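The values are calculated or read from the model by the stated rules, or taken from the named source; none is laboratory data. Model, not experiment: these values are computed from the prediction. Cβ: placed from backbone, ideal geometry, glycine included. Neighbour counts: every protein chain shown.
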């Protein structure tokens, strides 16, 4: 899924084809708004029909998207590819964690979910790390080359998806889709712990992911294109380590504690990196990834424990839906600020927005003490 040679330089590729940061970031917005549009239906589809078919459709959509990105030499083919990438994300988002949780639960080891999620997710980061380094070096000679090479892993992913199997003890969702959504929304609204962690996840994704995707534009003002992949290597490598040991870290420190600590340290590092741009800034901004895996697993673990089994994928998709909407709205704002004032100023703005996420995590931590 994540072995993509264009991952480190996609914003630069989009900007070169379209001619501006605003149009380039609008393509990332198209991905997320498309994902949001399809998010709830695909989550319900997963709960009612099954996990395997949902993965297959996600892999097929990702393959078609990669082909259009590679073939696109103007805005609209890229836009169509972005819509298909969003559809792929929607098929995957609520479904894949639910597939893993159901598979672990079926084996009678539900308590090991955080460990298995961490180990599985660490492989995604390893793929991104190698893809980023190879792709950024090859981009020195040819952007089309890395775009076409990125199609191959998605084809392999599609073939692999055909050999997956559904966990045998899945509870089929209700046939009435609107009733299914109503029950899921009711559960989300009345569970305070789930509501807080979901809001933190939604705003964290909207602000943080749009910032991360745009980060290469900032790095490109300080380092040559071939070196961008090495900054991403630090980022993905740190995330790999973080994911790999996330189960042990969470067990020792606690899920809510690691969320608060990671957010504070990340804000400090990023304010320094963007506020005082130097040749070391890409290293500083990338080093915060050492917390990324543990925080993602911590959030997922809290949410999965609070989800009901019948609405597991639907509830996850609802969170992703609002996060994708937020990303789609916020990403072009970063592009506008970057066109007017430069990438560094745009990314500083994001750090101030992320302080709201820190506030939500403090509330979640406070709720832990109250509930205990």
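Odds and ends about this structure:
- Screening residue 67 with (1) surrounded by fewer than 24 Cβ atoms within 10 Å (Cβ to Cβ); (2) farther than 25 Å from residue 156 by Cβ; (3) touching a helix residue (DSSP H, G or I) at 6+ places or on another chain (Cβ under 6 Å) gives one miss only, at (2).
- When each of 112, 120 is tested for being modelled with pLDDT of 85 or more and surrounded by fewer than 23 Cβ atoms within 10 Å (Cβ to Cβ), the lone residue that passes is 120.
- Some residue of the range 181-193 being at pLDDT 80 or above, assigned to a helix (DSSP H, G or I) and either touching a helix residue (DSSP H, G or I) at 6+ places or on another chain (Cβ under 6 Å) or more than 24 Å from residue 217 (Cα to Cα) (or both): yes
- Residue 277 vs. criteria in contact with a helix residue (DSSP H, G or I) (Cβ under 7 Å, 6 or more places away or on another chain) and part of a loop (DSSP other than H, G, I, E, B): yes
To keep it simple, each residue is scored yes or no on (1) out of contact with any strand residue (DSSP E or B) (no Cβ under 6 Å at 6 or more places or on another chain); (2) in a helix (DSSP H, G or I); (3) within 18 Å of residue 126 (Cβ to Cβ).
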{"residue": "221", "(1), (2), (3)": "yes, no, no"}
{"residue": "229", "(1), (2), (3)": "yes, yes, yes"}
{"residue": "232", "(1), (2), (3)": "yes, yes, yes"}
{"residue": "236", "(1), (2), (3)": "yes, yes, yes"}
{"residue": "239", "(1), (2), (3)": "yes, yes, yes"}
{"residue": "243", "(1), (2), (3)": "yes, yes, yes"}
{"residue": "252", "(1), (2), (3)": "yes, yes, no"}
{"residue": "259", "(1), (2), (3)": "yes, yes, no"}
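- Of all residues in the range 141-159 being farther than 17 Å from residue 78 by Cα and not in a helix (DSSP H, G or I), the one that is modelled with the lowest pLDDT: 141
- Here residue 291 qualifies as part of a helix (DSSP H, G or I), touching a residue at least 24 places away in the same chain (Cβ under 8 Å) and buried (at least 20 other Cβ atoms within 10 Å of the Cβ).
- Just one of (1) outside any helix (DSSP H, G or I); (2) farther than 20 Å from residue 94 by Cβ; (3) in contact with a helix residue (DSSP H, G or I) (Cβ under 9 Å, 6 or more places away or on another chain) fails for residue 164. It is (2).
- Lone unmet requirement of (1) modelled with pLDDT under 85; (2) assigned to a helix (DSSP H, G or I); (3) surrounded by fewer than 20 Cβ atoms within 10 Å (Cβ to Cβ) for residue 46: (3)
- Test: residue in the range 70-79 that is in a loop (DSSP other than H, G, I, E, B), in contact (Cβ under 8 Å) with a residue 24 or more places away in the chain and in contact with a helix residue (DSSP H, G or I) (Cβ under 6 Å, 6 or more places away or on another chain): yes
- Members of the range 101-117 found to be assigned to a helix (DSSP H, G or I), out of contact with any helix residue (DSSP H, G or I) (no Cβ under 6 Å at 6 or more places or on another chain) and more than 16 Å from residue 250 (Cα to Cα), listed by number: 102, 103, 105, 106
- Condition met for residue 2 (out of contact with any strand residue (DSSP E or B) (no Cβ under 6 Å at 6 or more places or on another chain) and not in a helix (DSSP H, G or I)): yes
- Which numbered condition residue 262 misses (of (1) more than 30 Å from residue 5 (Cβ to Cβ); (2) surrounded by 16 or more Cβ atoms within 10 Å (Cβ to Cβ); (3) at pLDDT 90 or above): (1)
- Residue match in the range 123-137 (condition: in contact with a helix residue (DSSP H, G or I) (Cβ under 9 Å, 6 or more places away or on another chain), in contact (Cβ under 8 Å) with a residue 12 or more places away in the chain and farther than 27 Å from residue 293 by Cα): no
- Qualifying residue in the range 228-244 (condition: over 18 Å from residue 130 (Cβ atoms) and either surrounded by fewer than 23 Cβ atoms within 10 Å (Cβ to Cβ) or in contact (Cβ under 8 Å) with a residue 24 or more places away in the chain (or both)): no
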